[in-house]
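Participant: Dropping a structure here in structure tokens format, bear with me for questions.
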Amino acid sequence: MISKQHINLTQQHQLFTQIGEVAQDMGTRAFVIGGYVRDLIMERKVSKDIDIVCEGSGIELAKAVSKKLPNTGKVNVYKTYGTAMVRVGDNELEFVGARKESYQKDSRNPIVESGTLEDDQKRRDFTINALAIALNPNEFGTLIDPFDGVEDIQKQLLRTPLAPEQTFSDDPLRMMRAVRFATQLNFTIDHKTHKAIHRMADRIAILSKERIIDELHKILMATKPSLGFLLLHELDLLHRILPELCALKGIEEVEGQKHKDNFYHTFEVVDNICKTTDHLWLRWAALLHDIGKAPTKRFSKKVGWTFHGHEFVGAKMVYELFKRLKMPLNEKMKYVQRLVFMSSRPIVIAEDIVTDAAVRRLVFDAGDLIDDLLLLCEADITTKNPRRFNTYHNNFKIVRQKIIDVEEKDRIRNFQPPVDGAEIMKTFDVGPCREIGLIKDHIKEAILEGVIPNEYEAAYAMMLEKAAELGLDKNKKTNA
Ligand code: ATP
Ligand code: MG
């Protein structure tokens, strides 16, 4: 851990020294503040986004820095926010003048006045994000920590600089940020702060969906997102954002038969998939793969608990959920939908004997999604029974091997039939008609079942055979 009073800024030395010199020449003081300082003290990989705060105008300081430093891009000024961004090499420097903020009850837009460094630190969300390091030559490297942020880093604690009620009523997004930082850093939320979030949970209603989703994305991109989702649940936030997940909670028992708790199962699946992929939308698919189970749950005396059609219902719910949360209804949404829709398919195969035909059909239906689908299904294995756990994993190994074999032989992925509709019509001199579809289907089925290889000659012969059966005559054209 770095000493409490003085921080060694050697790594970025040049940049920070120069900013400090420019500030000094302008008769002002500059500080690096926020996430960069937090990560530096925690000895985490520091971000390329660096926040600089100064007394006076951040925009003026940004302009002066850009003039003095080589290798800088143009100054992007955001007048409404009183901030300016400058790119230096691959760093993005964000400049802002120290400010005081006061908020009104139903708006996220504060009344902003210029203030001291301490005013600025007070308006920050957590003590660990309120740390500043002075950059002017006479005080270079001095840590300014009025709220004991360094101690909170040591205690792994998220705590607000002001009374938590005030911090959260000023900006309820901070409640989401608390959960997000707790998840990313594996920190605990301080007791008072936790209580305040719980009490004020309904205030997230005034936030824009986009900002909530940004935080959810960050929670999902953490190493262990379950920490965040369980925390959101504990704080009464989850059902305000993703009620579909909360509906999965609980175990019902009828006549001694129970089903698993799909709520906790879901988060296990998410944590599992995070070990194998950084793909945000695959992680979303894992989060939503079982949401159709709440509305489709039934008990039958014969078979016990069932969730018939939950994949289909779940895929439809994905659309509604994306729409409600104002997430783009684009190919990413469709990707999540398709994975949810297919999420049980490989499992059925892996639970049984893995036949070539079943694997061929899977590859045919999944197309390019096959690899992601298998990752999802492997992550879905959360059984605590070691025998079953091993069986399922071994069967997936067999499925993977068979996919390689079948693909080499049959080229089923993104399947194009070797004999297409146009060729059938030309051969028999007919227009579009029911028989064309029947012949095409017959050939496709024969290939998938392994009756014929995925090759032109075999498909052509089969076309002739099926056409004859349907009363189509190849020689009709020439005979006529
Ligand atoms: P990350 O690593 O995610 O970028 P960060 O701490 O840098 O983490 P940013 O969102 O980039 O987070 O914000 C930079 C700094 O601005 C924070 O460290 C915090 O001091 C302050 N900040 C950002 N958003 C808020 C907010 N909603 N309320 C109060 N302070 C905030
Ligand atoms: Mg940042």
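The values are calculated or read from the model by the stated rules, or taken from the named source; none is laboratory data. All values reported here derive from a predicted model rather than from experimental measurement. All Cβ positions, glycine included, derive from the backbone under ideal geometry; neighbour counts span all protein chains shown. Keep in mind that these areas ignore ligands, DNA and RNA; they rest on the heavy atoms of the full protein, side chains included. Shrake-Rupley method; radii C 1.70, N 1.55, O 1.52, S 1.80 Å.
Participant: Once phi is turned into θ = phi - 60°, what whole-Hz ³J(HN,Hα) does the Karplus curve with 6.51, -1.76 and 1.60 give for every residue of region 314-320, x standing for Gly and Pro?
Facilitator: Karplus values, whole Hz, x for Gly and Pro: x, 4, 5, 5, 4, 4, 4.
Participant: To continue, here is another question. Can you tell me how region 274-410 classifies by the Cα gyration tensor, rounded, prolate or oblate, using a/c under 1.5 as the rounded cut?
Facilitator: On the way: a/c = 1.72, a/b = 1.20, b/c = 1.43.
Oblate.
Participant: Give me the mean projected area, in nm² to one decimal, of the convex hull enclosing the Cα positions of region 156-241. Don't skip to the answer; put the middle values down first.
Facilitator: Details: hull surface 19.2 nm².
Mean projected area for region 156-241: 4.8 nm², to one decimal.
Participant: Another question, if that's okay. Work through the residues other than V86 whose Cβ is under 9 Å from its Cβ and net out their charges, Lys, Arg +1 and Asp, Glu -1. Display every interim value, and only then the final one.
Facilitator: Details: positive: K63, K74, R87; negative: E92, E94.
With Lys, Arg at +1 and Asp, Glu at -1, the neighbours total +1.
Participant: Sticking with this one: Can you work out the accessible area per residue across the chain, with the rest of the protein chains kept in place, probe 1.4 Å, in square angstrom?
Facilitator: On the way: 23510 Å² over 480 residues.
Per residue, the chain has 49 Å² of solvent-accessible surface.
Participant: Treating only the Cβ of Lys, Arg, Asp and Glu as charged (+1, +1, -1, -1), what charge dipole size does the chain show about its Cα centre? Round to the nearest 20 debye. Don't skip to the answer; put the middle values down first.
Facilitator: Working: 70 positive and 70 negative charges, 144 e Å.
Its charge dipole is roughly 700 debye.
Participant: To the nearest 20 debye, what charge dipole does region 274-410 have about its Cα centre, counting +1 at the Cβ of each Lys and Arg and -1 at the Cβ of each Asp and Glu?
Facilitator: Numbers: 24 positive and 18 negative charges, 173 e Å.
Charge dipole of region 274-410: 840 debye, to the nearest 20.
Participant: Could I have the simple spin-label model distance between E351 and I404, label points 7 Å from Cα toward Cβ, reported in nm to one decimal?
Facilitator: According to this spin-label approximation, the distance is 2.8 nm.
Participant: Which angle between 0 and 90 degrees, to the nearest 10, do you get for helix 58-68 versus the longest principal axis of the chain when only C-alpha atoms count?
Facilitator: Between the helix axis and the principal axis of the chain, the angle is about 90 degrees.
Participant: On a full-extension model of 0.36 nm per residue, what is the gain between E465 and Q104, subtracting their alpha-carbon distance, rounded to one decimal in nm? Could you put the intermediate results ahead of the total?
Facilitator: On the way: separation 361, 0.36 × 361 = 129.96 nm, distance 7.86 nm.
Length gained between E465 and Q104: 122.1 nm.
Participant: Run through every distinct alpha carbon pair of the chain and return the Kirkwood hydrodynamic radius in angstroms, one decimal place. Mind showing how you got there, number by number?
Facilitator: Numbers: mean 1/r = 0.0372 Å⁻¹.
In the chain this quantity evaluates to 26.9 Å.
Participant: How far is it, in nm, from the label point at A422 to the one at D236 when both lie 7 Å from their Cα along the line to the Cβ?
Facilitator: 6.4
Participant: Also, quick follow-up: Under a point-charge model restricted to the Cβ atoms of Lys and Arg (+1) and Asp and Glu (-1), what is the dipole moment magnitude of region 391-480 relative to its Cα centre, in debye to the nearest 20?
Facilitator: Numbers: 14 positive and 16 negative charges, 46 e Å.
Using Cβ point charges on Lys, Arg, Asp and Glu, region 391-480 gives about 220 debye.
Participant: Considering amide H positions built from the backbone, and no H for Pro or chain starts, which residues 5 or more places from D49, or on another chain, come under 5 Å of its amide H?
Facilitator: It is E92, by chain and number.
Participant: A further question follows. Kirkwood Rh over alpha-carbon pairs of region 421-469, then Stokes-Einstein at 4 °C and 1.567 mPa s: what D in µm² s⁻¹, rounded to an integer? Write out the running numbers ahead of the final one.
Facilitator: Working: Rh = 10.8 Å.
Once the numbers are plugged in, D ends up at 120 µm²/s.
Participant: What share of all Cα pairs of region 256-335, in percent, falls into each consecutive 5 Å distance bin?
Facilitator: Bin by bin from 0 Å, the calculated values are 3, 14, 21, 21, 20, 11, 6, 3, 1.
Participant: Of all the accessible heavy-atom surface of the chain, with the other protein chains kept in place and a 1.4 Å probe, what percent is carbon and sulfur? Display every interim value, and only then the final one.
Facilitator: Details: 11830 of 23510 Å².
So the carbon and sulfur contribution to the accessible surface is 50 percent.
Participant: Right, another one. Compute the acute angle (0 to 90°) between the alpha-carbon long axis of helix 262-274 and the principal axis of greatest extent of the alpha-carbon atoms of the chain; round to the nearest 10°.
Facilitator: 80
Participant: I've got another one for you. Helix 456-469 versus the longest principal axis of the chain: what angle, 0 to 90°, nearest 10, using Cα atoms?
Facilitator: 50
Participant: If Lys and Arg each add +1 and Asp and Glu each add -1, what is the summed charge of the other residues whose beta carbon sits under 9 Å from the beta carbon of D152?
Facilitator: Values: positive: K155, R159; negative: D148, E151, D190.
Cβ neighbours under 9 Å give a net charge of -1.
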